[in-house]
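Engineer: My questions all concern the structure below.
The values are calculated or read from the model by the stated rules, or taken from the named source; none is laboratory data. Predicted model only: the values in this text are computed from it and were never measured. So basically every Cβ, Gly included, is an ideal-geometry build from the backbone, and we count neighbours across all protein chains shown.
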Amino acid sequence: MLLRKLFFVFLLFASGPRLFADATKTYEARRFTGSIRIDGKEEDTWRTAAIAEGFTQLEPQEGAVISQETRVKLLYDNTSIYILAHLYDTSPDSILHELGNRDEGYNLNTDAFRIGLDPYNQRQEGYVFEVTASGVQSESYANDFTFDAVWQSAVQLHDKGWTVEVRIPYSALRFPAADKQEWALQFARLIRRNREYDQWSLTKKDQRNGMVYWGTLIGLTDIKPPLRLSLTPYLSIYGENQTSLGENGQRTHDNSYSYSGGADLKYGIDERFTLDLTLLPDFSQVQSDNKIKNIGAFEVIYDERRPFFKEGIELFSRGRLFYSRRVGGTPSGYYDVPYLLNPGESIEENPDKARLVNAVKVSGRTNKGLGIGLFNAVTANTYATIRTADGGKRKILTSPLTNYNILVFDQQLPNNSSSYFINTSVMRDGASRDADVSTGSYTFENKKHTVRISSRYSRSEVRQWVDNPEGGRTKDKKDGSQFSFVADKISGTWQYGGVFEFGDKKFDKNDLSYIFVNDYSDINLYGSYNKFNPFWKHFRQGNLNAWIYRGGRWSVNNLMTQFQGGLNFWLLFNNNWSVYADGGSTFAEGRDYFEPRTYDGRYYVTPMNHWGSINLTTDYNKKLAFDFGTRTWQAPSFGASSYGYYIVPMIRFSDRWSFKVNHNWDYTLNDRGFSTFNSVGNPVFGRRDVLTITNSVTTRYLFKTDMSLSLIMRHYFSQGDYDRYYDLGNAGELVQNDGYLNPSVEMLSTDFRANYFNVDLVYNWVFSPGSSLIITYKNQIAHEDSAILPGYFRNLSNTIEEPQTNSISVKVLYFLDWEYLKRHKS
């Protein structure tokens, strides 16, 4: 639901140039002495606070009169900012308040109240704190939804609407050390049942960066940035049962148990910069990956789920040089181990992840808008353990001791312009591969915030030991470059732009990022027509987009490799249903230099093709809602086609219990693609029919706001049936070779059947702010073979009988905050 998250934060941030805005609102904060009990009730202390009112509707109709009144008060003392919001509602029994886990407020069917703060008043990056009508907390920093802070809130529903009370300690914020403070401020309210979004300081929907329309918070005096120091130690106990089939077909069970401890440390070096450190981290409880069978030329990119690598990495994402799963990921020699065995040997253990020793981040922004970030992580030597023929053991190094580093400088400039420089480096112990990649970028935005121009240049250097023909080894250095230029019109009903980008054949950033293609030159032109307010009686919003793309081979005089274009549109109806449709076509045959897997200049001529899809979502306010879509792809000259659909019913039995099923079906006929290499090392292509079915069930029950039980169960099934094989001709054509089906010549059989089944059952109790008890049960099955079985349920039944891993873990985290301890000690 990331798109929904981005949409709601866009509503809070969305604005245009201050030059054209009405005078922004001002709120004067007032200091108080004594104490406030955070319980969602207004006590006498609040009588001294000024009232922020006069909210205006942004959604569905920008500038319209609000349907419900909202009044907000703000106070402060030496430690915190306090907010009290009265969210009146003439139909209090209609207030939606679905329960959810922390940080899930953007995805819930509930009313919500949001607070926006920019302590540096530079109006480019700000904090957003949200509390739903069910009491669920969420926070973000700019568009970084992984930002996490410890703060307090309480909600009361009553016959006049609902009330929310919030305490945000200064330790949760970064702000300048100054006697008088002036911050940017925003309040906003979501009335979920009619998708109404109201703001205290109205922004504009047809603009991108919105903070110039935020109001101003004055009156903060003599507040000092506190010592921001917190420690979150953890203790984890882990047990695993792994089943396998012995040589006699008997099922065996291997049990193992372990315990571990570590800690996460956050330290505010000063009021601007923060150090985040994780020591001996344990990620055994992260959600299982949604694994798939990969028959393409490029690796599968999976989402990051480890908390330390999700939180506060927005600054390190500049230039797309950081794919955090490289750190502690699959060892580079993991897949080589079976080919390094001697006769009679077997693999006893081959870890699929390098062991992370520690990781540290330092990040912040100076008073003049210069962001500085430093990241470092170390992974230990990783070994596969081999059982030798005589019963002994030996080890194979699959990943050496590795050090990962990132250094970034990001300067904010006037009018939402910016520039940055980032360098990543990977250093491996011994005679291994090392790499450095650097990127510099500049973005210019005009004063009217209607035009944005940006350019980016990257340089990579990879050093690797290679064997000399005459003997010995030398270190080979490979330098590569990448460049892009983007020009966009970024506001108004009509928006359009274009991108030019190229990368030479030696550019390589795969050590700490990923790159699918190099040696390319691309031109992409696009435009959109946008309706931000209700139109044509039945619609609330909509857009129509068109694009055209031309790809080339940089080293071959920019020879064309792809030429295609398409259209898509999105409409949101007044009844909260929406529809999205797209379609496109290639305009010429293409050249694919990567599908042959030889990387020596050979290419495969891809056929002209066209595609389309239509997708529908119903009203999520209802107890029963659906997502549905269907898609097709056609390559007439090959007689190839693909059809697919998905359906996602979502049921809310109550505000505590939700249930979702996701069914996805795809069938591709007569597809051509790389299959294997023949006996002399040449690529062999195959014609195949591929069926892929994915089913998942997600359900969750909330005992209360801070205690939940959730279940995710997923089965992925894909099988490919080959009926014809081809050699790849010199001109990229496919030449049928029936000899690959003849046992007396060179019999090939590359049919495949892949099954991935996993269960994640998680109990989560947040027993104190920042502290939790998590109990996780996992079941994982991964099985691949070449047996083509008819019938999905027969295949599922066989999969469940395959060797599998069952595990259970218990983890306790306890949050310790210096300011809290000092305050209670005194």
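Engineer: Looking at this structure, is residue 509 of a type in the set (D, E, K, R), within 28 Å of residue 332 (Cβ to Cβ) and within 26 Å of the chain's Cα centre (by Cα)?
Structural biologist: yes
Engineer: Does region 512-530 hold any residues that are under 24 Å from the mean Cα position of the chain (by Cα) and aliphatic (A, V, I, L, M), and which are they?
Structural biologist: Listed by number, the residues that qualify are 512, 515, 517.
Engineer: Looking at the structure I just gave you, is residue 776 part of a helix (DSSP H, G or I), closer than 27 Å to residue 289 by Cβ and not charged (D, E, K, R)?
Structural biologist: no
Engineer: Of the numbered conditions (1) touching a strand residue (DSSP E or B) at 6+ places or on another chain (Cβ under 8 Å); (2) closer than 28 Å to residue 357 by Cα, residue 459 fails exactly one; give the number of that condition.
Structural biologist: Condition (2) is where residue 459 drops out.
Engineer: Give me the pairs, please: first residue somewhere in region 566-581 and at negative phi, second residue anywhere and part of a loop (DSSP other than H, G, I, E, B) and of a type in the set (Asp, Glu), beta-carbon distance under 8 Å, and either six or more positions apart or on two chains.
Structural biologist: From residues that are at negative phi, the pairs are 575/619; 577/619.
Engineer: Could you tell me how many of the residues in region 465-491 are outside any strand (DSSP E or B) and surrounded by 13 or more Cβ atoms within 10 Å (Cβ to Cβ)?
Structural biologist: 2
Engineer: Tally up the residues in region 252-302 that are under 30 Å from residue 596 (Cβ atoms) and loosely packed, with under 14 Cβ neighbours inside 10 Å, please.
Structural biologist: Pass one, region 252-302, residues under 30 Å from residue 596 (Cβ atoms): 289-302.
Within this subset, residues satisfying the condition of being loosely packed, with under 14 Cβ neighbours inside 10 Å are 294, 296, 298-302.
The total comes to 7.
Engineer: Of 731, 782, which residue is in contact with a Lys or Arg (Cβ under 9 Å, 6 or more places away or on another chain) and either part of a loop (DSSP other than H, G, I, E, B) or not hydroxyl-bearing (Ser, Thr, Tyr) (or both)?
Structural biologist: 782
Engineer: Looking at (1) over 30 Å from residue 455 (Cβ atoms); (2) assigned to a helix (DSSP H, G or I); (3) aromatic (Phe, Trp, Tyr), which is the one condition that is false for residue 283?
Structural biologist: Going through the list (1) over 30 Å from residue 455 (Cβ atoms); (2) assigned to a helix (DSSP H, G or I); (3) aromatic (Phe, Trp, Tyr), residue 283 breaks only (2).
Engineer: Quick one: which strands (runs of 3 or more DSSP E) lie wholly within region 296-388 and hold at least 3 residues that are modelled with pLDDT under 90?
Structural biologist: 346-349
Engineer: Where in region 168-254 are there strands (runs of 3 or more DSSP E), lying wholly inside it, with at least 3 residues that are more than 21 Å from residue 116 (Cα to Cα)?
Structural biologist: 229-245
Engineer: In region 496-522, how many residues are of a type in the set (Phe, Trp, Tyr) and closer than 21 Å to residue 322 by Cβ?
Structural biologist: Residues of region 496-522 that are of a type in the set (Phe, Trp, Tyr), as a first pass: 496, 500, 502, 507, 514, 516, 520.
From what's left, closer than 21 Å to residue 322 by Cβ: 507, 514, 516.
The number of residues fulfilling the criteria is 3.
Engineer: So which residues in region 548-588 are within 22 Å of residue 195 (Cβ to Cβ) and either part of a loop (DSSP other than H, G, I, E, B) or among the polar types (S, T, N, Q) (or both)? Walk me through it before giving the result.
Structural biologist: From region 548-588, those within 22 Å of residue 195 (Cβ to Cβ) are 569-581; that's our starting set.
574, 575, 576, 577, 578 - these are the residues of region 548-588 that are within 22 Å of residue 195 (Cβ to Cβ) and either part of a loop (DSSP other than H, G, I, E, B) or among the polar types (S, T, N, Q) (or both).
Rundown of residues vs (1) acidic (Asp, Glu); (2) farther than 22 Å from residue 429 by Cα; (3) within 27 Å of the chain's Cα centre (by Cα), yes/no style:
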position	(1), (2), (3)
338	no, yes, no
342	no, yes, no
350	no, no, no
354	no, no, yes
359	no, no, yes
369	no, yes, yes
378	no, no, yes
382	no, no, no
389	no, yes, no
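Engineer: Something else about it: Could you list, in sequence order, all residues of region 589-618 that are in a loop (DSSP other than H, G, I, E, B) and surrounded by 15 or more Cβ atoms within 10 Å (Cβ to Cβ)?
Structural biologist: Correct list: 589, 593, 594, 595, 596, 598, 602, 603, 607, 608, 609, 618.
Engineer: When you go through (1) in contact with a His (Cβ under 8 Å, 6 or more places away or on another chain); (2) assigned to a strand (DSSP E or B) one by one for residue 415, which number turns out not to apply?
Structural biologist: Going through (1) in contact with a His (Cβ under 8 Å, 6 or more places away or on another chain); (2) assigned to a strand (DSSP E or B) one by one, residue 415 breaks only (2).
Engineer: Follow-up. Is it fair to say residue 258 is out of contact with any helix residue (DSSP H, G or I) (no Cβ under 6 Å at 6 or more places or on another chain) and at pLDDT 90 or above?
Structural biologist: When the stated conditions are applied, residue 258 passes them.
Engineer: Here's something else I'd like to know. Test residue 685 against the stated conditions and say whether it is surrounded by 18 or more Cβ atoms within 10 Å (Cβ to Cβ) and in contact with an Asp or Glu (Cβ under 6 Å, 6 or more places away or on another chain). Give the steps one after another, and end with the answer.
Structural biologist: Numbers: surrounded by 18 or more Cβ atoms within 10 Å (Cβ to Cβ): yes; in contact with an Asp or Glu (Cβ under 6 Å, 6 or more places away or on another chain): no.
No.
Engineer: Output the residues belonging to region 153-167 that are touching a strand residue (DSSP E or B) at 6+ places or on another chain (Cβ under 6 Å) and in a loop (DSSP other than H, G, I, E, B).
Structural biologist: The answer is 160, and nothing else.
Engineer: Could you please let me know if residue 723 is surrounded by fewer than 15 Cβ atoms within 10 Å (Cβ to Cβ), farther than 30 Å from residue 620 by Cβ and over 31 Å from the mean Cα position of the chain (by Cα)?
Structural biologist: yes
Engineer: Just to be sure I understand, how many residues within region 216-234 are on the phi > 0 side of the Ramachandran plot and either within 33 Å of the chain's Cα centre (by Cα) or surrounded by 15 or more Cβ atoms within 10 Å (Cβ to Cβ) (or both)?
Structural biologist: We begin by selecting, within region 216-234, every residue on the phi > 0 side of the Ramachandran plot; these are 219, 222.
If we keep only those that are either within 33 Å of the chain's Cα centre (by Cα) or surrounded by 15 or more Cβ atoms within 10 Å (Cβ to Cβ) (or both) too, we end up with 219.
Number satisfying all stated conditions: 1.
Engineer: Within region 644-669, can you find the residues that are in contact with a His (Cβ under 9 Å, 6 or more places away or on another chain) and of a type in the set (Asp, Glu)?
Structural biologist: 655
Engineer: When you go through 83, 38 one by one, which is the residue that is aliphatic (A, V, I, L, M) and surrounded by fewer than 18 Cβ atoms within 10 Å (Cβ to Cβ)? Spell out the reasoning first.
Structural biologist: Working: 83 fails: surrounded by fewer than 18 Cβ atoms within 10 Å (Cβ to Cβ).
Criteria check complete, one pass: 38.
Engineer: Restricting to region 743-787, and then to whatever is surrounded by 15 or more Cβ atoms within 10 Å (Cβ to Cβ) and within 30 Å of residue 727 (Cβ to Cβ), can you tell me which residue is farthest from the chain's Cα centre (by Cα)?
Structural biologist: 746
Engineer: Still on this structure: When you go through 187, 145 one by one, which is the residue that is closer than 30 Å to residue 652 by Cα, buried (at least 23 other Cβ atoms within 10 Å of the Cβ) and of a type in the set (Phe, Trp, Tyr)?
Structural biologist: From the options 187, 145, the qualifying one is 187.
Engineer: So for region 596-611 (the condition being on the phi > 0 side of the Ramachandran plot and without any contact (Cβ under 8 Å) to a residue 12 or more places away in the chain), does at least one residue qualify?
Structural biologist: yes
Engineer: Here's a follow-up. Looking only at region 376-409, filter to residues that are surrounded by 21 or more Cβ atoms within 10 Å (Cβ to Cβ) and in contact (Cβ under 8 Å) with a residue 60 or more places away in the chain; which one of those is farthest from residue 207 (Cα to Cα)?
Structural biologist: Out of the qualifying residues, it is 398.
Every residue, every condition in (1) crowded, with 16+ Cβ neighbours inside 10 Å; (2) closer than 30 Å to residue 675 by Cα; (3) not small (Gly, Ala, Ser), yes or no:
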{"site": "530", "(1), (2), (3)": "yes, no, yes"}
{"site": "537", "(1), (2), (3)": "no, no, yes"}
{"site": "564", "(1), (2), (3)": "yes, yes, yes"}
{"site": "567", "(1), (2), (3)": "no, no, yes"}
{"site": "582", "(1), (2), (3)": "yes, no, yes"}
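Engineer: Among residues belonging to region 598-620 that are modelled with pLDDT of 95 or more and of a type in the set (Phe, Trp, Tyr), point out the one that is nearest to residue 542 (Cα to Cα).
Structural biologist: Filtering region 598-620 for residues that are modelled with pLDDT of 95 or more and of a type in the set (Phe, Trp, Tyr), the one nearest to residue 542 (Cα to Cα) comes out as 611.
Engineer: Next question. Could you give me the residue pairs with C-beta distances under 7 Å whose first residue belongs to region 309-325 and is among the acidic types (Asp, Glu), whose second residue is in a loop (DSSP other than H, G, I, E, B) wherever it lies, and which are 6+ apart or on separate chains?
Structural biologist: Sorted first by the residue in region 309-325, then by its partner, the pairs are 311/146; 311/147; 311/148; 314/142.
Engineer: Do we have any residue at all in region 522-540 that's modelled with pLDDT of 95 or more and within 18 Å of residue 599 (Cα to Cα)?
Structural biologist: No; the residues of region 522-540 include none that is modelled with pLDDT of 95 or more and within 18 Å of residue 599 (Cα to Cα).
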